[in-house]
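Data block below; observations after.
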Amino acid sequence: MQKRDKRQIIINCEELETRFAMLKNSRLEEYEIERPSDDILPGSIYLGKIVRLEPSLEAAFVDIGAEKNAFLHYRDMMSVTHDIVDNIKRINEGENEPAAPGKKKRFLSGFSEKIRNFLGGDRSRRLRDLETALHKGNITVKDIPRMFPAGSELLVQVTKGPIGTKGARVTTNLTIPGRYLVLLPYADHIGLSAKIEEKKERDRLRKILQELDVPEGMGLICRTVGEGRKALFFKRDLDMLLSLWHKVETAIQNPKAPMIVYQEPNLLERTVRDFLTDEIDEIIIDRKADCDYLKEAFHQFVGSDFDTKVVLYNKAEPIFSHYKVHEQAATIFNRVVQLPSGGYICIDETEALVAIDINSGKARNAKDQADTILQTNLEAAEEIARQMRLRNIGGQIVIDFIDMRSAKDRETINKAMRQFVADDRAKTRILPLSKFGLMEMTRQREHESIQDVVYDPCPYCNGTGRVKSALSMSVEIQRRLKEVLKRRNSRKKMAIRVIMNPAILARLKNEDAELLRNLEEEYGKDLSFRADPTIHIEDFKLIDPDSGREI
């Protein structure tokens, strides 16, 4: 019998930061950092106000109270989004049959009437009527501007937090995930996770969901973790979700937009909701109050047996050092990642995409070159899937695999890559290897990458990672000196003092000393050079020693 992998969750709780790590046989597989300043969390729901419409983008910009307005595409204001459809299988067939043309016309007429009467009555009821009608109506993106003009209030949910210079991305298709269920407040779909494949289990879960007391107009999705659970767990989860939604409806009664009405749970709460499965053998946490919280939560949602897996760590050695998480996490920020066979991958994050290059390095273990290349590419594919999770790499990704002549080997890599990303919680899409050996893929990203969370752009190099060489600066200084000396050649007894970074001065005093002496002799001027450690390596000043003014 094959031995099952040991899975552990390690949680480090500090005042300014909470860190989460998942280990499989002591190897880091998941890594997440949360800080108190992370206030625009994906999953949070806001009462927002449309600031302006951009017809060319088919999008609206919504004020949710953040520094930058949120981006709302018209497609994300339609009925249940493709992301939800991809993850459920419908129970009621034919529920999305297109409405007759006359029905659409009557719907739009009624919707316009609702807009005109929007200023009166109960705010929660008005928002529900508007958004329920929006999600049920057979409409197109062309109808959106008339239905939601600038100034309209609406409930939106963050699907992607602010990244770089871009604001958050939001949708009106609201979902509130629980431990076993996902509540759809404005969509009456009932569905199951597509990852639950056994027909008998699907039938059992379908029956449980149909018997739950779900309010009219609302829907549910059974999450993968619900597989094998009793009906009682689903009822508890539904009661909790309906209680959360009641708080949302209560919150929007009086205040005006923008305001937050539902805050996505913190990292500890998400650990209970998203990560806890029967495959987890142990959860180690280093703060007693949070350890007690986890035990209580597990007792409530999973049962009394599971809270025994929670262990309080109270040793002097930091928890991440003890479990060797710290040294593994440190490699997340390295550009180069070594592979077991001697090859390596290089990861470069740019504004447009993430480029990943694979090199064979010292890999020579296989019998022939083709086998060596295939083995290195397979190792790289597995490591790339892991690094994407650890670094939270997202957006468009281009992987340059080592060239393979065999079509069979290329297909092996295609299948392997899909297998390695199958368990990734982020949605990925992969295209087959091109003729140039490039694999294009996209990976959903809700947050900034770990690198962006931990690091700020370098103020010295402005984030480029490069500064001009001493040789380049010497060339610029000599060029500037020649310009000034030629312009002021008629003046007698002229002196010029050049102030620069010490690293540049070292170059001028050694390699370029003779060139500067020739410059003095040619123009008959007195040149002196001074170092200033506070000056940027790419800056220098030409000073008149007599007046002290910059030339």
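The values are calculated or read from the model by the stated rules, or taken from the named source; none is laboratory data. No experiment lies behind these values; they were computed from the predicted model shown. All Cβ positions, even for glycine, are placed from backbone atoms using ideal geometry, and neighbour counts span all protein chains on display. For the accessible areas, the whole protein counts, side chains as well, though only heavy atoms, and no ligand, DNA or RNA atoms are used. Shrake-Rupley method; radii C 1.70, N 1.55, O 1.52, S 1.80 Å.
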Check your understanding: How do the pairs read when you match residues in the range 534-551 that are touching a residue at least 40 places away in the same chain (Cβ under 8 Å) with residues anywhere that are open to solvent by 80 Å² or more (accessible area, probe 1.4 Å) and assigned to a loop (DSSP other than H, G, I, E, B), using Cβ under 6 Å and keeping only pairs 6 or more apart or on different chains?
Key -> E538/K468
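Does the range 519-545 hold any residues that are part of a strand (DSSP E or B), closer than 15 Å to L485 by Cβ and in contact with a helix residue (DSSP H, G or I) (Cβ under 9 Å, 6 or more places away or on another chain), and which are they?
The answer is D526, L527, F529, L542.
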Review point. Among the residues of the range 314-326, which ones are surrounded by 12 or more Cβ atoms within 10 Å (Cβ to Cβ) and either in contact with a strand residue (DSSP E or B) (Cβ under 8 Å, 6 or more places away or on another chain) or in contact (Cβ under 8 Å) with a residue 24 or more places away in the chain (or both)?
Key: P318, I319, F320, Y323, K324, V325
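Could you check, for the range 460-472, whether at least one of its residues is within 22 Å of the chain's Cα centre (by Cα) and over 15 Å from D539 (Cβ atoms)? Break it down stepwise before answering.
Just the residues of the range 460-472 that are within 22 Å of the chain's Cα centre (by Cα), to begin with: 463-464.
With over 15 Å from D539 (Cβ atoms) added as a condition, the list becomes 463-464.
Yes, because at least one residue in the range 460-472 is within 22 Å of the chain's Cα centre (by Cα) and over 15 Å from D539 (Cβ atoms).
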Check your understanding: Which numbered condition trips up V454, out of (1) surrounded by 18 or more Cβ atoms within 10 Å (Cβ to Cβ); (2) within 18 Å of the chain's Cα centre (by Cα); (3) closer than 27 Å to R19 by Cα?
Key -> (1)
Review point. Out of all the residues in the range 507-522, is one or more aliphatic (A, V, I, L, M) and over 14 Å from S474 (Cα atoms)?
Key: no
Exercise for review: Just need a number here: residues in the range 225-262 that are open to solvent by 40 Å² or more (accessible area, probe 1.4 Å), touching a residue at least 12 places away in the same chain (Cβ under 8 Å) and part of a helix (DSSP H, G or I).
Suggested key: 9
Exercise for review: Test E550 against the stated conditions and say whether it is open to solvent by less than 80 Å² (accessible area, probe 1.4 Å) and among the acidic types (D, E).
Suggested key: no
Point to revise | Selection count, the range 32-71, where residues are touching a helix residue (DSSP H, G or I) at 6+ places or on another chain (Cβ under 9 Å) and in a strand (DSSP E or B) | key: 8
**Study point:** Tabulated pairs, the range 465-489, first touching a residue at least 40 places away in the same chain (Cβ under 8 Å), second of a type in the set (F, W, Y) and in a helix (DSSP H, G or I), C-beta under 6 angstrom, 6+ apart or interchain
**Key:** L485/Y523
Practice item. Take the residues in the range 277-295 that are at pLDDT below 85 and out of contact with any strand residue (DSSP E or B) (no Cβ under 8 Å at 6 or more places or on another chain), then tell me which one is least open to solvent (accessible area, probe 1.4 Å). Key: T277
Check your understanding: Can you name every residue in the range 241-267 that is within 29 Å of L212 (Cβ to Cβ) and small (G, A, S)?
Key -> S243, A251
Review point. Does any residue in the range 327-344 that is hydroxyl-bearing (S, T, Y) come within less than 7 Å, Cβ to Cβ, of a residue that is not in a helix (DSSP H, G or I) six or more places away or on a different chain, and which pairs are these?
Key: T331/V337; S341/A363; S341/N365; Y344/V336; Y344/V337; Y344/Q338; Y344/N359; Y344/G361
Review point. Looking at the range 1-57, which of its residues are surrounded by 13 or more Cβ atoms within 10 Å (Cβ to Cβ) and polar (S, T, N, Q)?
Key: Q8, N12, T18, S44
Exercise for review: Name the single residue, out of those in the range 163-206 being in a strand (DSSP E or B) and not hydrophobic (A, V, I, L, M, F, W, C), that is most open to solvent (accessible area, probe 1.4 Å).
Suggested key: K166
